[in-house]
1. Taking the condition surrounded by 18 or more Cβ atoms within 10 Å (Cβ to Cβ), more than 29 Å from the chain's Cα centre (by Cα) and not assigned by TED's automatic domain parsing to the domain that holds Phe342, does Gln451 pass?
2. Could you tell me which numbered condition Phe18 fails, if it satisfies all but one of (1) more than 30 Å from Ala276 (Cα to Cα); (2) over 31 Å from the mean Cα position of the chain (by Cα)?
3. Would you call Trp128 over 30 Å from Pro384 (Cβ atoms), within 19 Å of the chain's Cα centre (by Cα), aromatic (Phe, Trp, Tyr) and surrounded by 14 or more Cβ atoms within 10 Å (Cβ to Cβ)?
4. Please give the helices (runs of 4 or more DSSP H) falling wholly within the stretch 398-463 in which 3 or more residues are touching a residue at least 40 places away in the same chain (Cβ under 8 Å).
5. Residues of the stretch 454-478 being under 29 Å from the mean Cα position of the chain (by Cα) and modelled with pLDDT under 80, which ones?
6. Just name the residue that is surrounded by the fewest Cβ atoms within 10 Å (Cβ to Cβ) out of those in the stretch 404-424 that are of a type outside the set (Gly, Ala, Ser) and under 24 Å from the mean Cα position of the chain (by Cα).
7. Out of the stretch 332-347, which residues are touching a helix residue (DSSP H, G or I) at 6+ places or on another chain (Cβ under 9 Å) and either of a type in the set (Ser, Thr, Tyr) or in the same structural domain as Gln188 (by TED's automatic domain parsing) (or both)?
8. Please verify whether the stretch 315-334 includes one or more residues that are touching a Leu at 6+ places or on another chain (Cβ under 8 Å) and charged (D, E, K, R).
Amino acid sequence: MRVLGRVTALAWRHPVPFLLAYLCLLGATAFALLLPRLLGSAVDTAFLARSEGRLVVLALLIVLVGAMRGLLGYGQTYLGEWLSQRVAYELRNALFQKLERLSFGFHDQQQTGNLMSRATADVEGVRWFVSMGLLRAGQVVLLIGGAAALLFLLDVKLTAMALAFIPFAAWRTTVIARAMRRIWTQVQQLTGELTTVLQENLTGARVVRAFGAEEFEKRKFDATAREVASTSVEASRLQAVNSSQLTLAFTAATALVLWFGGRQVLAGTMTPGELAQFIFYLTILAMPVRMTGWVVNSLSRGVSSGERIFEVLDTRSPVRDRPGAHDLGRVHGHVRFENVSFSYNDGTGPPVLRDISFEARPGQVVALVGAPGSGKSTVVHLIPRFYDVTRGRVTIDGTDVRDVTLASLRRNVGIALQDVFLFSASIRENVAYGRPDIPFAQVVEAAKLAQLHDFVATLPQGYETHVGERGVTLSGGQRQRLAIARVLLLGPPILILDDSTSSVDAHTEHLLRQALAEVMKGRTTFVIANRLTTLQSADLVLVLQDGETVQRGTHAELVQQPGLYQDVYRLQLLPQEERVPMSAPGDGDGS
């Protein structure tokens, strides 16, 4: 009932079409209930009164009532569809906006396909309920109540006989509703799993082909699709069983009425028109009884879909604006980590960072070094509050990042992520992502600083060249340079370069470093570094191991100290220093 109440409240946000739809429903129901009365009178006029003039009048009235019923039925259907589509539109937007605001911690625990299923199939389930359940349920109640009342006015005994199947129908409907809700919940979950398999295969198509795993993936998809199909068929089977049982009960009731009512007509205690009127009302009563199956189906699907949607909408992001959070404004870039510890899963997981403390003054470059899983990326993700610290605090210009609004904080932090994501759009649109009104000259300037412009100039369509989904038409180095250009266009006082030069050749890296050296002036820069040139130019090098800072200092200082950094230098960095730089320019594609 809580879910149904929330869905109804969504529809009630549009009271005018909502009320008009119900007014049309009331009118259509009233005219539907008037038709049997007119038809019964026509039968008596034809067989008893034999008045041709009155018969013509009744025929015209029947046509008029039928036309009004059809007109109001059209209004009910149109307004119901408009209302359901509006609710679906608002739910999709609310769900999308919620997913955009939820922290990395939420998305770390979710399957993309499952979330896509909630935004598509589950929203459609709620839309179907508004259209078929919320409005049709009212029609069912009105038709059953109105027809039953009129039947009692005609003949109490016949009505009691005809309505004897109603308790059976109510019991079966309740049983089926419970079963259908469980099945539709299972269908929605399986649909989410199916969407996940499909999404992973589309995004990981190259891996699937490279490992020759097409048959394996086909079997996996087939198994999930088979479960979705069989469970959906089970839902349809239950609905069909329910409808068939209700139809059988109604047919038996009609046969009894015809038998006993026919005897009353022969005995003269009931007119032929009254018997015809009774049967017509009974036929009207059968329609909502049969519709009950559809209503129950839409109700069950709507509840299961609504539960899955509201589960996301009700999720509280652990990373959100505190009450009274203020705008950070434009910062100088003084970043401090004060005894910071961090664990995933809202602090319940194993510790990832332990007691991290350091200071980065405006304009300094801080390089982070360590083995995979040592906590380098986690450190930089705490600065823009992708996650919140478990203990300690991170400050910018002396202000705890949790005391300012997320929007103002992230305006001051530019990030070039290790896993570069590009949108299926032009190079210009990707560089100017989120700022469609930025002057084209600034886009070009950012591309030049990122050493991307010369490559773009060789393309037939230049900056209007489409990069394809996830930037598949660009090489790794080109994608990383585009990501850096995107960050540079923002001009943030704090830069985070998450291994952003790992896929470029030595010559392009040299040019890129020259450009970034100028751009990084006056900006606090954090670099997850695997290149010697980065470490040599850093003001502070932090060496991380198992989430702890095991060494710190400049490259010149650390290379003289026995420890992890000296080992990394000898095994990995020294060969870079001894390698002869390339003199001929490369294309920077990283291949």
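1. Working: surrounded by 18 or more Cβ atoms within 10 Å (Cβ to Cβ): yes; more than 29 Å from the chain's Cα centre (by Cα): yes; not assigned by TED's automatic domain parsing to the domain that holds Phe342: yes.
It is true that Gln451 is surrounded by 18 or more Cβ atoms within 10 Å (Cβ to Cβ), more than 29 Å from the chain's Cα centre (by Cα) and not assigned by TED's automatic domain parsing to the domain that holds Phe342.
2. Here Phe18 meets the rest and fails (2).
3. Working: over 30 Å from Pro384 (Cβ atoms): yes; within 19 Å of the chain's Cα centre (by Cα): yes; aromatic (Phe, Trp, Tyr): yes; surrounded by 14 or more Cβ atoms within 10 Å (Cβ to Cβ): yes.
Answer is yes for this residue.
4. Details: elements: 406-411, 427-431, 440-449, 453-457.
Output list reads 406-411, 427-431, 440-449.
5. So the first thing to find is which residues in the stretch 454-478 are under 29 Å from the mean Cα position of the chain (by Cα), and the list is 466-474.
Answer for the stretch 454-478, where residues must be under 29 Å from the mean Cα position of the chain (by Cα) and modelled with pLDDT under 80: Gly468, Glu469, Arg470, Gly471, Val472, Thr473, Leu474.
6. Taking the stretch 404-424 first, the residues of a type outside the set (Gly, Ala, Ser) are 404-406, 409-413, 415, 417-423.
Next, from what is left, pick out any that are under 24 Å from the mean Cα position of the chain (by Cα): 406, 410, 417, 419-423.
Numbers: Leu406: 19, Arg410: 17, Leu417: 17, Asp419: 9, Val420: 22, Phe421: 11, Leu422: 23, Phe423: 13.
Filtering the stretch 404-424 for residues that are of a type outside the set (Gly, Ala, Ser) and under 24 Å from the mean Cα position of the chain (by Cα), the one surrounded by the fewest Cβ atoms within 10 Å (Cβ to Cβ) comes out as Asp419.
7. Correct list: Tyr344 only.
8. For the stretch 315-334, residues touching a Leu at 6+ places or on another chain (Cβ under 8 Å) and charged (D, E, K, R): present.
The values are calculated or read from the model by the stated rules, or taken from the named source; none is laboratory data. Note that the structure is a prediction, hence the values are computed from the model and not measured. Every residue, glycine as well, gets a Cβ built from its backbone with ideal geometry; the counts of neighbours run over all protein chains shown.
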